[in-house]
Amino acid sequence: MGCSSSSPEQPVAAMSPGGGASNGAVKHASANDSRTVDMELERAKQEEEGKIKMLLLGAGESGKSTIFKQMRLLYGTERSDDDLRMYGVVARSNIVVAVRKLCSHLRNLGLEEELDRESRENEELEEGDHSSMTCRQAYDELMAYLVDNTATASAQDPTAAANDNGIKDWVGQSPRAGMAANNDAKQFLAHHESIRILWQANTMKQVWAKRSAVNIIDSHKEYLNDISRIASPDYKPTTQDVLIARVRTTQVVMEKYRIDGIDFEMYDVGGQRSERRKWIDCFDSVTAVIFVAALSEYDQTLAEAKRTNRMVEALELFRSVCNNRAFANTSIMLFLNKKDIFAEKILYSDIAAQRPFCDYAGPTKDFDHGVLYFIQKFKDCLIDDEFNDSFIHVTCATDTNNMEFVLDSTRTIIMTDNLKRSGFLGAD
């Protein structure tokens, strides 16, 4: 009698002989459900507690994102073609950004006459590049198109110039790289020959030696030395191209890894002053902080604050991180990065000549003394004088072999320190 329900069937509770539901059966089912939920919560809690959460902190352009990329290279998945196309656009864009700064700096240094003289000498001696363009002509073209934007509207469109041979460019464009980077990449393809010729000029060596005044990314010299390969239609970024590609981090980026049965999460955040307000969102339950500072930036100023020395900024930032109550029970590792550029730079840029570091009393052009001097500067930032030297690494983030050793050592130290803090291992 009556019509049946169209809703899905529901389980019917066991009935007692008197027609009522069995209270015992209901209680038993409820108890089982409760135990299941408790077990799931406990399992999730144990997984979360067993997870190693690493946070990369440091000032802008210190090399945090390069270390982040090395972590993926060593322990994560391979890059997709879509990833590589994005980095191809970024690499070409990075070259144009560097060339704009170098050309402007050449003019500001008053070296245009020197460039004229070099062009005349090369023509007379028939030396240098045997193309139809002199280094002065290359410079004038780049100033007109990339710096002053004085090229006439009727000039050849960069897109047409890039594809006038009819060969499809493998990299093409990448929406992920952004409009500005794609536009710069087009300009690169249109003017890559001029960039190559100007970069080979002796005058540019003088400009490059004084690059710290305009904050050019040192590792992009590798791009500038390989213009023809990067301009090729079949160009596909190498691992090294990806590592040195500069993309400003404007949001918190996280990747997960499982290494030797342990779950790791690594967080990369922007280092510029405007991005640091986002750091607080990552402070919860952090196992370890890897603080990255660039050794080579002792003679440079911030891009966002021209009067502030970059190393001074890194020291003050390190002081605030180490003495932050949020990290009272957190392992803090110090990576003094860009050791390769530091070794090159101290040969012509004296540490003691920089006002903030005029107390440097070590020998000039000495790598080891210079490194020890800055290590002590960072140690002086600590309220707690104890900072284990094993927590300090002098690194080159673009060197995969170096970073494999450093990251493996860091992983072991963090896990051991985490066990000590948890009470599973006795303190030293």
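The values are calculated or read from the model by the stated rules, or taken from the named source; none is laboratory data. Model, not experiment: these values are computed from the prediction. Virtual Cβ from ideal backbone geometry, glycine too; neighbours counted across all protein chains shown. Heads up: the accessible areas ignore ligands, DNA and RNA and are worked out on the full protein's heavy atoms, side chains in. Shrake-Rupley method; radii C 1.70, N 1.55, O 1.52, S 1.80 Å.
For the criterion of being crowded, with 22+ Cβ neighbours inside 10 Å and at pLDDT 90 or above, Val90 passes.
Looking at the range 47-67, which of the residues that are in contact with a strand residue (DSSP E or B) (Cβ under 6 Å, 6 or more places away or on another chain) and surrounded by fewer than 22 Cβ atoms within 10 Å (Cβ to Cβ) is nearest to Val269 (Cα to Cα)?
Among residues in the range 47-67 that are in contact with a strand residue (DSSP E or B) (Cβ under 6 Å, 6 or more places away or on another chain) and surrounded by fewer than 22 Cβ atoms within 10 Å (Cβ to Cβ), the one nearest to Val269 (Cα to Cα) is Lys53.
Checking the structure you have, find out if any residue of the range 121-144 is within 30 Å of the chain's Cα centre (by Cα), farther than 26 Å from Leu84 by Cβ and at pLDDT 95 or above.
Taking every residue of the range 121-144 in turn, at least one turns out to be within 30 Å of the chain's Cα centre (by Cα), farther than 26 Å from Leu84 by Cβ and at pLDDT 95 or above.
In the range 322-346, of all residues being in a loop (DSSP other than H, G, I, E, B) and at pLDDT 95 or above, the one that is farthest from the chain's Cα centre (by Cα) corresponds to Ile346. Cβ-Cβ distances below 9 Å connect the following pairs, each with a first residue in the range 338-364 that is closer than 30 Å to Met403 by Cα, a second residue that is among the aromatic types (Phe, Trp, Tyr) and part of a loop (DSSP other than H, G, I, E, B), and a separation of six or more residues or different chains: Asp350/Tyr360; Ile351/Tyr360; Ala352/Tyr360; Gln354/Tyr360.
Might you check whether a residue that is of a type in the set (S, T, N, Q) and in contact with a Phe, Trp or Tyr (Cβ under 8 Å, 6 or more places away or on another chain) occurs anywhere in the range 397-419? No, the range 397-419 has no match at all.
Of the set (1) in a helix (DSSP H, G or I); (2) modelled with pLDDT under 90; (3) under 30 Å from Ala177 (Cβ atoms), all apply to Ile67 but (2). Annotation: of all residues in the range 400-428 being touching a Leu at 6+ places or on another chain (Cβ under 9 Å), open to solvent by 50 Å² or more (accessible area, probe 1.4 Å) and modelled with pLDDT of 85 or more, the one that is farthest from Lys64 (Cα to Cα) is Asp408. Those residues that are in contact with a strand residue (DSSP E or B) (Cβ under 7 Å, 6 or more places away or on another chain) and either open to solvent by 60 Å² or more (accessible area, probe 1.4 Å) or farther than 16 Å from Arg211 by Cα (or both), I need them from the range 338-383; list them, please. Across the range 338-383, the qualifying residues are Lys339, Pro356, Val371, Phe374, Ile375, Phe378.
Pairing residues of the range 299-312 that are closer than 15 Å to Arg211 by Cα with residues that are of a type in the set (Gly, Ala, Ser), at Cβ distances under 6 Å and at least 6 apart in sequence or on separate chains, gives Asp299/Ser212; Asp299/Ser349; Gln300/Ser212.
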